[in-house]
Amino acid sequence: MSVTTSSDTLSARFAQLRGEGRRALVVYLTAGFPDPTRSVELIRAVAEAGADVIEVGVPFSDPMADGPIIQESTRVALQHGVGLTETLAIVREAQVPVPVVLFSYLNPLLAGGAGAMTQARDAGCSGVLVTDLPVGVDPEREAWFGESGLAFVRLVAPTTPDERMREIGRHGGGFVYLISRLGVTGTQDTLAPELESTVARLRAATTLPICVGFGISTPAHAATVGRVADGVIVGSAMIRAASESTQAAASLTRALRAALDGA
Amino acid sequence: MTASIPVNRDRFGAYGGRYVPETLIPALDALESAYEAARVDPTFQHDLSDLLEHFVGRPSAFTPAPRLGELIGAQVWLKREDLNHTGAHKINNTVGQALLARRMGKGRIIAETGAGQHGVATATICARFGLTCVVYMGEEDMQRQALNVYRMRLLGATVVPVTSGTRTLKDATTEAIRDWVTNVNDSHYIIGSVVGPAPYPRMVRDFQSIIGREARAQVLQRTGRLPRAVVACVGGGSNAMGIFAGFVDDAAVELIGVEAAGEGLASGHHSASLSLGTPGVLHGSLSYLLQDAQGQVHPAHSISAGLDYPGVGPEHSHLKDSGRATYVAVTDREALEGFTLLSRLEGVVPALETAHAVAWLAGTKGRWMPDEPVVLCVSGRGDKDVAQVRELSILPL
Ligand SMILES: Cc1ncc(COP(=O)(O)O)c(C=O)c1O
């Protein structure tokens, strides 16, 4: 199969979903977890089971935005020697027919040097998201990502004021990743009560599709969020399933898909 | 980029910045505005001076060290931050930030600590102000600095053991940031050194610059001249930035920072980020960093928990590149010798962190003119380290 490797892939996928009146299911997987071989299998399995977009996390030694589950997956992946180079090899090998967004802290990408984004594109990535590079903090490096040919996916938090949301919309691509609540990644039992109003504020600030992540753990959460947002992002819950088996991750993906499509 | 987003704010040359999760950006904006307002507010400045004088015990003494001076052939002066309340320079910063937190209406304080000195200083001012205090500390450091863990708990703080990663200061800092991201609306994070996202490096330097302002006035008053050099140990770099700040505009005064060379610079087990690191991003700022070719942070090592950190404050990176300051490194073994040396020559038991600066100075015979003043920042006292040194010491006692 041939995969178009540009930011357009991501936009096209969201346009298609919008046309069909469906919500996007975005799945996060840490590259190299539980080991490099099974990491490739997992990416293929969740794509097959109905993920619309896959975020592939570059393991980093100091994941300050992550809770215990993703921290642990990162630690395991690093023990297998998986950094940026190996992450891109995993993406290349998986060759999935859905867009892949490279999800990273800044430092491994800086260490990758000037060619890193070209290599990411060549490996089959359509987008890049940098956890610790918010809008406006480093225009030079932001331009590097913005002009890479990859969709530069930006994050919005519940604390982000309206004017800043507009700024983020102007400087972002692909979709906006809305962090559902204060805190780090992880699972939770209930969704933040102010989520709906934050989505509404963001809706008024940008025309980019809005995907909500952090703490979305169950099909029921996905369905609830799917009623207000354009997509949901499932990370920690998926990593927990993946640590059981590839099948468990695939069935969670199917269950999330069904819940979203029924919403 | 539109004009609404200030660029290159709080950079030191290329270094610094605000590489944090989006959630924290509004909190950093609010902190910066509050700090800017406080800086020029006479009430805040009055409250700060009052606390520094009557609670911390400033100005700190400026002590001649004639026997050490004789050893190296210079006029050595000790800037005595070890005499501050709680026993180190860390309190200068925590008093300032706690005042700021109170002004911002934050009732809960988060801190990280390595040696425990910053944790104790934070717990102390929180007790004084009636603020809730949560301190993150690596499990390994909790063992190395058990006495300080007890002191923090005695002062009413909650000490949370950090078991991730290297179980030292780096991971305690990461965990403190995670707490702040989660509780940002009601909590203020009192970072313990000139590290982290802007405005922390500048703000912590400003609160620590009292060391340099006093030292400059004291050396002029006591010797009638500026020193030839100012020497301080560098972990994150706050005591060094604090004393350097007083002399950075005096071009003839050498600024010398002493890092931890651990088991030796060639061993791979050290904390010499300025000497051997490369620029990278950790804990919110771009600075020299110990890391591998793939940008993974390399675990640091030092006998002293307060220097055991793979990064360093961004202003030091700038001072290094610009050549205004010089950075050297001293091994664990040399530091142990420095610890004993200052104790025996001057009757001052230094913190193991400070002992690195002592050890470097002890090896500089022939570098100075006999009448030249050289100022050593005694960042803290060694009580916390006595038990550890007793176990490790290579010198017969
Ligand atoms: C006595 C003392 N000196 C120095 C340091 C190192 O910190 P900094 O480099 O920020 O002064 C510490 C840190 O715990 C300390 O306790």
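Tabulated data for the structure shown
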{"item": "Test: residue in the stretch A:79-96 that is of a type in the set (D, E, K, R), more than 14 Å from chain B (Cβ to nearest Cβ), part of a loop (DSSP other than H, G, I, E, B) and surrounded by fewer than 24 Cβ atoms within 10 Å (Cβ to Cβ)", "result": "no"}
{"item": "The listed residue being more than 30 Å from A:Trp144 (Cβ to Cβ), surrounded by fewer than 19 Cβ atoms within 10 Å (Cβ to Cβ), modelled with pLDDT of 95 or more and out of contact with any Leu (no Cβ under 9 Å at 6 or more places or on another chain), out of A:Ala200, A:Ala223, A:Ala204", "result": "A:Ala200"}
{"item": "Flag for B:Ala232 being within 14 Å of the ligand (Cβ to nearest atom), within 20 Å of the chain's Cα centre (by Cα), within 14 Å of chain A (Cβ to nearest Cβ) and not in a helix (DSSP H, G or I)", "result": "no"}
{"item": "Selection within the stretch B:163-198 - within 12 Å of another protein chain (Cβ to nearest Cβ) and charged (D, E, K, R)", "result": "B:Lys170, B:Asp171, B:Glu175, B:Arg178, B:Asp179, B:Asp186"}
{"item": "Answer residue from the stretch A:50-68, given it is more than 9 Å from chain B (Cβ to nearest Cβ) and farther than 20 Å from A:Asp35 by Cβ and is nearest to the chain's Cα centre (by Cα) among those", "result": "A:Val53"}
{"item": "Test: B:Pro396 is of a type outside the set (Gly, Ala, Ser) and either modelled with pLDDT of 95 or more or within 14 Å of the ligand (Cβ to nearest atom) (or both)", "result": "no"}
{"item": "Long-range neighbours under 6 Å by Cβ, at least six apart or interchain, first residue closer than 10 Å to A:Ile233 by Cα within the stretch A:199-217, second polar (S, T, N, Q)", "result": "A:Val212/A:Ser180; A:Phe214/A:Ser180; A:Phe214/A:Thr185; A:Gly215/A:Ser180; A:Gly215/A:Gln188; A:Ser217/A:Thr187"}
{"item": "Subset of the stretch B:304-335 [among the hydrophobic types (A, V, I, L, M, F, W, C) and either within 14 Å of B:Leu274 (Cα to Cα) or within 16 Å of the chain's Cα centre (by Cα) (or both)]", "result": "B:Ala305, B:Leu307, B:Val312, B:Leu319, B:Ala325, B:Val328, B:Ala329, B:Val330"}
{"item": "Residue that is farthest from the chain's Cα centre (by Cα) [pool: residues in the stretch A:122-147 that are more than 7 Å from chain B (Cβ to nearest Cβ) and surrounded by fewer than 20 Cβ atoms within 10 Å (Cβ to Cβ)]", "result": "A:Glu140"}
{"item": "B:Ile177 being within 12 Å of the ligand (Cβ to nearest atom), buried (at least 24 other Cβ atoms within 10 Å of the Cβ) and of a type in the set (A, V, I, L, M)", "result": "no"}
{"item": "Hits in the stretch B:81-127 (condition: within 25 Å of B:Ser33 (Cβ to Cβ), more than 14 Å from chain A (Cβ to nearest Cβ), within 12 Å of the ligand (Cβ to nearest atom) and not in a helix (DSSP H, G or I))", "result": "B:Ala111"}
{"item": "Test result for B:His270, more than 14 Å from chain A (Cβ to nearest Cβ), touching a His at 6+ places or on another chain (Cβ under 7 Å) and surrounded by fewer than 24 Cβ atoms within 10 Å (Cβ to Cβ)", "result": "no"}
{"item": "Candidates A:Thr160, A:Thr190, A:Thr198, filtered to the one that is within 13 Å of chain B (Cβ to nearest Cβ), β-branched (Val, Ile, Thr), under 28 Å from A:Ser217 (Cα atoms) and assigned to a loop (DSSP other than H, G, I, E, B)", "result": "A:Thr160"}
{"item": "Members of the stretch A:207-220 found to be buried (at least 19 other Cβ atoms within 10 Å of the Cβ) and in a loop (DSSP other than H, G, I, E, B), listed by number", "result": "A:Leu208, A:Pro209, A:Phe214, A:Ile216, A:Ser217"}
{"item": "Leading residue by the ranking (farthest from the other protein chains (Cβ to nearest Cβ)) among those in the stretch B:199-211 that are more than 13 Å from the ligand (Cβ to nearest atom) and part of a helix (DSSP H, G or I)", "result": "B:Ile210"}
{"item": "Total residues in the stretch B:361-388, condition surrounded by fewer than 23 Cβ atoms within 10 Å (Cβ to Cβ), part of a helix (DSSP H, G or I) and away from the ligand (no atom under 14 Å from the Cβ)", "result": "2"}
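The values are calculated or read from the model by the stated rules, or taken from the named source; none is laboratory data. Quick caveat: nothing in here was measured; it's all calculated off a predicted structure. Note that we place each Cβ from the backbone using ideal geometry, even for glycine, and neighbour counts take in every protein chain shown.
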